[in-house]
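The values are calculated or read from the model by the stated rules, or taken from the named source; none is laboratory data. Note that the coordinates shown come from a computational prediction; the quantities given were computed from them, not determined experimentally. Here the Cβ positions follow ideal geometry from the backbone for every residue, glycine too, while neighbour counts run over all protein chains shown. Note: accessible area is taken over every heavy atom of the protein model, side chains too, but ligands, DNA and RNA are not part of it. Shrake-Rupley method; radii C 1.70, N 1.55, O 1.52, S 1.80 Å.
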Amino acid sequence: MIIGNRIFKDHTYIMGILNLTPDSFSDGGKFNSTDTALKHVEKMILEGADIIDVGGESTRPGYKKISDSEETERVCSIIEKIKSCFDIPVSIDTYKHTVAENAIKSGADLINDIYGFRYNNGKMAQTAVKYNKPACLMHNRDNTDYKDFLSDVTEDLRESIRIAKNAGLSDDMIILDPGIGFAKSLEQNLLLTNNLEALHTLGFPLLYGASRKSMIGLSLDLPVSERLEGTLATTVLAVLKNCLFVRVHDIKENKRVIMMTEKITGRM
């Protein structure tokens, strides 16, 4: 898969999280200024990040929705600065097609959509095709009325894929995300993590993102600030399950875990 000027294949790569929000569950408010954001991006790159994922609206449970214009204002100037200062692909973490379009014009290379093209009548898919940008389609839904959980998640992702293909997005431009922490109970998040290989049947690379999430906090009874080891355990699983990307906060530690796991398995 090509994202920006880089090819991603046969390895687990790191998507580093840059939250430009005052209310994200883990690091809200820490990187709101241009200087702190760029210093954090530099640190993530030095520690081994392969993509920087820029988000301007928190999507934690109970988050406050902001306007398209406010979200655009938060992300676009930072994306422009990242692209002018560093040679690294940038993804835009948004479900709003107008925000994505402005972010792409500012230099974003990938759309990271938490609603998997199923929001606003598939207009995000049209945006991806219009600008010839790859997209990560995350599993999400507005209810938890599952009949057969793993089958239903797979079918929901199939619907996202259908929307993408109907809009004209080619197979080599699609990444899938199981959506850990979205419309799922603790038990369902654990089950899905342990059965990621079921999603490989869909034929697309996977991105796995559980960094510091409630699945870890509830499992270990730990606050956000103490969830690193739990995150690392999920990253090992993601490597063993052949995920192409992990989306994480703590780059150095996750990079080392990936390298060691791939040394053992011979995947590197």
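A few notes on this one:
- Given 43/252; 184/255; 9/241; 133/165, the pairs whose alpha carbons are separated by over 19 Å: 184/255
- Within the chain, antiparallel bridges make up roughly 5 percent of the DSSP beta bridges whose residues both belong there.
- Using bins of 10 Å that start at zero, the share of Cα-Cα pairs per bin across the range 93-134 amounts to 35, 62, 4, in whole %.
- Accessible solvent surface per residue of the chain, calculated while the other protein chains remain in place, 1.4 angstrom probe, Å²: 44
- Label-to-label distance for residue 34 and residue 84 is 0.7 nm, based on points extended 7 Å past Cα in the beta-carbon direction.
- For the chain, the mean residue ellipticity at 222 nm estimated from helices alone is -13000 deg cm²/dmol, where every DSSP H run of n ≥ 4 contributes -39500 (n - 2.57) and the total is divided by all residues, rounded to the nearest 500.
- Karplus-derived 3J(HN,Hα), 6.51/-1.76/1.60, for each residue of the range 42-54, Hz, glycine and proline x: 4, 5, 4, 5, 4, 8, x, 5, 9, 9, 10, 9, 9
- Once you divide the Cα radius of gyration of the chain by 2.2 N^0.38 Å, the number left is 0.92.
- Surface composition of the chain: carbon plus sulfur atoms contribute 50% of the solvent-accessible area (1.4 Å probe, protein chains only, all chains present).
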